[in-house]
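Undergrad: Can you keep this structure in mind? I'll have questions shortly.
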Amino acid sequence: MFIGHMAVGLASKRVAPAASLGVLIAAPMALDLLWPVFLLAGWEQVRIDPGATAFSPLDFVSYPYSHSLTMTAAWGVLFGFVYWATTRYARGAFVVSISVISHWVLDALTHRPDMPLTITGSTKVGLGLWSSISGTLAVEFGLFTAGVWIYCKATRPRDGIGRYALWCFALLASVSYLSSAFGPPPPSADFLAKFAFGAWLFVVWAWWMDRHREVRP
């Protein structure tokens with residue numbers, strides 16, 4: 001899942017209006033922001049396997065440190081605590097923690113049974129939404145549309161940047177998602193890991209555009 005995670009961050013602005021959208025977007029994407037680091041370090045493995053699922057050519061061989069339920073909970077607590085320690089915004093810290101954990105829940109919905117529960121255990125879960133292309137698109141775009149709508153209801157533009165940067169963000173996210181889904185598979189796991197760092201663009205963009213919007217009274 002990709003834009004579905006962004007939807008959580010966009011919608012979170014309504015619950016934690018004082019938090020930067022950059023942080024709120026980074027939280028539900030946190031596991032995928034950590035994942036390429038662990039791939040390049042050799043701690044986790046992914047294999048390019050066209051046909052692994054109808055929607056994705058990725059075979060997630062091992063990713064216990066970024067995507068196990070145990071570590072997801074730990075990352076959620078850690079990121080929430082760091083946010084609270086630096087801002088003293090308790091509501092924002094709670095939202096950050098829950099948003100990090102939401103990543104595992106949404107991935108468990110879309111992945112085949114490859115989502116580990118613990119770091120060392122063999123039990124893995126996944127409901128396999130990726131076996132249906134139409135189902136995956138409906139769920140992700142449904143969530144993303146709802147997230148954008150909630151963010152629009154929670155904020156209003158301060159200037160032209162605040163008005164148009166949001167729609168450019170939504171367009172770029174949608175195009176990136178569709179390109180990954182229907183474009184050619186990555187040539188190698190190493191290329192995929194390096195390319196995945198591009199997700200930080202959306203975090204920075206969210207931070208920037210949120211500075212040009214304000215919370216509705």
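Undergrad: Which one of these does Val23 not meet: (1) outside any helix (DSSP H, G or I); (2) among the β-branched types (Val, Ile, Thr); (3) under 12 Å from the mean Cα position of the chain (by Cα)?
TA: Condition (1) is where Val23 drops out.
Undergrad: Okay, next question. Among (1) in contact (Cβ under 8 Å) with a residue 24 or more places away in the chain; (2) surrounded by fewer than 20 Cβ atoms within 10 Å (Cβ to Cβ); (3) of a type outside the set (Phe, Trp, Tyr), which single condition is Val82 missing?
TA: Failing condition for Val82: (1).
Undergrad: Something else now. Regarding Pro113, is this residue at pLDDT below 95 and either under 20 Å from His67 (Cα atoms) or not hydroxyl-bearing (Ser, Thr, Tyr) (or both)?
TA: Numbers: at pLDDT below 95: no; either under 20 Å from His67 (Cα atoms) or not hydroxyl-bearing (Ser, Thr, Tyr) (or both): yes.
So Pro113 does not fit the description; no.
Residue by residue, here is whether (1) modelled with pLDDT under 95; (2) within 18 Å of Trp200 (Cα to Cα) holds:
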residue	(1), (2)
Ala26	no, yes
Leu40	no, yes
Arg47	no, no
Thr53	yes, no
Ser62	no, no
Thr86	no, no
Ala93	no, no
Ser102	no, no
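Undergrad: Please find, among Val8, Val46, the residue that is touching a residue at least 60 places away in the same chain (Cβ under 8 Å), in a strand (DSSP E or B) and either under 13 Å from the mean Cα position of the chain (by Cα) or buried (at least 16 other Cβ atoms within 10 Å of the Cβ) (or both).
TA: Val46
Undergrad: Still on this model: Return a yes/no flag: does the range 153-172 have any residue that is in contact with a Pro (Cβ under 7 Å, 6 or more places away or on another chain) and modelled with pLDDT under 95.
TA: yes
Undergrad: Testing Ser66 on (1) in a helix (DSSP H, G or I); (2) among the hydroxyl-bearing types (Ser, Thr, Tyr); (3) over 13 Å from the mean Cα position of the chain (by Cα), one condition comes back false. Which one is that?
TA: (3)
Undergrad: On to the next question. Would you tally the residues in the range 107-149 being closer than 29 Å to Trp167 by Cα and of a type in the set (Ser, Thr, Tyr)?
TA: Looking only at that region, the number is 5.
Undergrad: Scan the range 186-205 and give yes if some residue there is in contact with a helix residue (DSSP H, G or I) (Cβ under 8 Å, 6 or more places away or on another chain), of a type in the set (D, E, K, R), closer than 30 Å to Glu44 by Cβ and open to solvent by less than 20 Å² (accessible area, probe 1.4 Å), otherwise no.
TA: No, the conditions are met nowhere in the range 186-205.
Undergrad: Just checking: which of the helices (runs of 4 or more DSSP H) contained wholly in the range 119-217 hold 2 or more residues that are free of Cβ contacts under 8 Å to residues at least 24 places away in the same chain and more than 18 Å from the chain's Cα centre (by Cα)?
TA: Values: elements: 133-154, 160-182, 189-196, 200-210.
Fully inside the range 119-217 and qualifying: 133-154, 160-182.
The values are calculated or read from the model by the stated rules, or taken from the named source; none is laboratory data. Predicted model, so just to flag it, every value in this text is computed and none were measured. Positions of Cβ are generated from backbone atoms using ideal geometry, with glycine treated the same way; all protein chains shown enter the neighbour counts. Please note that ligands, DNA and RNA were not included when accessible areas were found on the heavy atoms of the full protein model with its side chains. Shrake-Rupley method; radii C 1.70, N 1.55, O 1.52, S 1.80 Å.
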